[in-house]
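Here's the structure we're looking at; comments come further down.
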Amino acid sequence: KIRFDIPKSINNKPVQLIIYDILGKEVARLVNENLKSGIYNVNWDASNYSRGNYLYQLKAEGFVETKKMLLVK
């Protein structure tokens, strides 16, 4: 589960939440839509992925944040 906050509505630009493997290859795009301000929780069904390190990146109207996560099974 990935939790993120959108502090203000973004006009006509999608919010994107993307999962990358440790080599930088995109493995999943969990969100790609216009969102209103608020707190969101997104579930990633990682049952088909290998355990290990992944990165997730939140992009929203000039804002980009990348964080590391560890997938354990």
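Derivation of every value follows stated rules applied to the coordinates shown; laboratory data play no part. Worth saying up front: this structure is predicted, and the values here are computed from it rather than measured. In this analysis, Cβ positions are derived from the backbone assuming ideal geometry, glycine residues included, and neighbour counts consider all displayed protein chains.
Considering only ASN48, ASN32, ASN12, the Gaussian network model of the chain with Cα springs below 10 Å gives its largest mean-square fluctuation to ASN48. Among the lysines of the chain, pairs at least eight places apart or on separate chains and with Cα atoms under 27 Å apart come to 25. Which whole-number percentage describes the relative contact order of the stretch 31-73, with Cα contacts under 8 Å and a sequence gap of 6 or more? Relative contact order for the stretch 31-73 comes out at 32 percent. Stokes-Einstein diffusion of the chain at 10 °C, 1.306 mPa s viscosity, Kirkwood radius from Cα pairs, rounded to a whole number: 123 µm²/s. Other residues within the sphere of radius under 13 Å centred on the Cβ of ILE2, judged by their own Cβ, net out at +2 (K and R +1, D and E -1). Largest GNM mean-square fluctuation among ALA28, ALA60, ALA46, using the chain with Cα springs under 10 Å: ALA46. When the chain is treated as a Gaussian network with alpha carbon springs shorter than 10 Å, the biggest mean-square fluctuation among LEU35, LEU23, LEU55 belongs to LEU23. Note on the chain: dipole from Cβ charges, positive end direction compared against ILE10, VAL72, ALA46; the farthest Cα belongs to VAL72. Below 8 Å, C-alpha to C-alpha, sequence gap of six or more: please give me the relative contact order for the chain in percent. That works out to 35 percent.
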